[in-house]
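First up is the structure itself, then whatever we jot down about it.
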Amino acid sequence: MWDPTVRLVVEKDAVAENGAIAGGMPSTTALFRLRQQQTLESKMRGTVDAWRYSASLGLTAHLDQVGLGSPGPLTPNQSLAAFDPYRMYDAWQELYRQGKAIIRLQSNFSANQNDPQLPMLRERLRNQFQFFGSDMLMTGAIGESAAPGDGAGDIWLAAQKVVAEARWRNENHALSLANLENEVTGYEKVHAEFPIADLRWVIAHVPFATPDLLNRLKAMGAAVQLTGWRYLQGTAANNGSPFRMILDNGIRCGLHSDSAHISPLNPWIHMYYATTGVNAAGELINAGQQISRQDAVRLYTRENGWFLRMEEKLGSIEPGKLADLAVLSDNYFEVPDDQVRRIRSVMTVVDGKIVHDAGVLK
């Protein structure tokens, strides 16, 4: 988490004329210096800042896909997505212990080791529990990857079998049609040996898909998670999830942000892109794949409860469910398209408590 109390000095030749830190080693070195200066207290301040921002958008619960496991001392070449998988939640846990949590978190376990013995994955499955904790902070299952490979290679397939044999939920991501084809084929091989129909296996992002691949996933009880991440960098040739095709197929699906260093956390941007197909430059790049606003908000709320295995508690406002809701700044169903991405919450309630108040309501 960014913390304004931490100061960082970057070499002059590593900074472009517009003030941006150059890519490659200069940026990872800057991140390394920042992380060296962080303390538990500064991480806690940054976590609270992130919670407040989340609440201001009307987001009340998150599924964390962890990141790239990088145990041990910090190194200058660690990426923004690389964390010590054993200590990365220290700030979150301490805030929860102090009763200061305002946002719900379910966190998966990522093994992602390119080791044929799969030591981290096997120990996680042996010594951890799925869905353990409170409604505010709990473990999830395996994701975003049990092993590297995106569906290719013996190690990747072996990891999926280990997860299925342990009867854990599992999630992988597909960034190309080839990835999706490999992962669907891999899931089928696993399913033939260790049935996964009731385990809620998922493939995330799905920027490309075909009806055949979706049908094969659906036959195994698997689901897909869609995202509007191409809003920022998409083109007509690389435009992200085919929303309309996937909804018409009938496979279970949800909508997510894959944030925050991959794409914006803001759900209204992703719903804007899913409903208009228009990117940040104002170009229509996902023509024919737009979905209705009703579908978009349903995918972000009620449908996502299933992916957390909390559909009986989250996702809709009805008796018996947890008291989470957001009062929006505008009528989502009536504002012009461009205004959708500017919607914010003026009041957010989590577990019956006001966690964000813009001072608009009286």
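The values are calculated or read from the model by the stated rules, or taken from the named source; none is laboratory data. These numbers come from a predicted model, not from an experiment. Positions of Cβ are backbone-derived with ideal geometry, glycine not excepted, and every protein chain shown enters the neighbour counts.
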Q) Pick from region 178-220 the residues that are in a loop (DSSP other than H, G, I, E, B), at negative phi and of a type in the set (Val, Ile, Thr): which of them is surrounded by the most Cβ atoms within 10 Å (Cβ to Cβ)? A) Ile196
Q: Take the residues in region 250-272 that are of a type in the set (Ser, Thr, Tyr) and closer than 23 Å to Leu214 by Cβ, then tell me which one is nearest to the chain's Cα centre (by Cα).
A: Ser257
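Go through region 275-322 residue by residue and tally those that are part of a helix (DSSP H, G or I), touching an Asp or Glu at 6+ places or on another chain (Cβ under 8 Å) and within 18 Å of Asp64 (Cα to Cα).
The number of residues fulfilling the criteria is 1.
Against the condition at pLDDT 95 or above, exposed (fewer than 15 other Cβ atoms within 10 Å of the Cβ) and either closer than 30 Å to Arg169 by Cα or over 19 Å from the mean Cα position of the chain (by Cα) (or both), how does Arg342 come out, does it pass?
Values: at pLDDT 95 or above: yes; exposed (fewer than 15 other Cβ atoms within 10 Å of the Cβ): yes; either closer than 30 Å to Arg169 by Cα or over 19 Å from the mean Cα position of the chain (by Cα) (or both): yes.
The answer is yes for Arg342.
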Q: Given the conditions (1) closer than 23 Å to His256 by Cβ; (2) without any contact (Cβ under 8 Å) to a residue 60 or more places away in the chain; (3) in contact with a Phe, Trp or Tyr (Cβ under 9 Å, 6 or more places away or on another chain), report the number of the one that Asp64 does not fulfil.
A: (2)
(Q) Being on the phi < 0 side of the Ramachandran plot and assigned to a helix (DSSP H, G or I) is true for just one of Ile246, Ile251. Which residue is that? (A) Ile246
Q) Yes or no: Leu125 over 17 Å from the mean Cα position of the chain (by Cα), within 22 Å of Pro195 (Cα to Cα), part of a helix (DSSP H, G or I) and modelled with pLDDT of 95 or more? A) yes
Q: Please work out if Ile269 is in contact with a Leu (Cβ under 9 Å, 6 or more places away or on another chain), over 30 Å from Trp201 (Cα atoms) and either surrounded by 18 or more Cβ atoms within 10 Å (Cβ to Cβ) or without any contact (Cβ under 8 Å) to a residue 40 or more places away in the chain (or both).
A: no
**Q.** region 78-100, residues that are in a loop (DSSP other than H, G, I, E, B), in contact with a strand residue (DSSP E or B) (Cβ under 6 Å, 6 or more places away or on another chain) and buried (at least 17 other Cβ atoms within 10 Å of the Cβ)
**A.** Pro85
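Considering every residue within region 223-244, establish whether at least one is surrounded by fewer than 23 Cβ atoms within 10 Å (Cβ to Cβ), at pLDDT 95 or above and under 27 Å from Ala164 (Cα atoms).
Yes: region 223-244 contains one or more residues that are surrounded by fewer than 23 Cβ atoms within 10 Å (Cβ to Cβ), at pLDDT 95 or above and under 27 Å from Ala164 (Cα atoms).
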Q. Residue check: is Ala147 at pLDDT 95 or above and small (Gly, Ala, Ser)?
A. no
Q) What about Tyr300, is it surrounded by 20 or more Cβ atoms within 10 Å (Cβ to Cβ), over 17 Å from Leu180 (Cβ atoms), aromatic (Phe, Trp, Tyr) and out of contact with any Phe, Trp or Tyr (no Cβ under 8 Å at 6 or more places or on another chain)? A) yes
Q | Residues satisfying the stated conditions in region 102-122, i.e. surrounded by fewer than 16 Cβ atoms within 10 Å (Cβ to Cβ) and part of a loop (DSSP other than H, G, I, E, B) | A | Asn114, Asp115, Pro116, Gln117
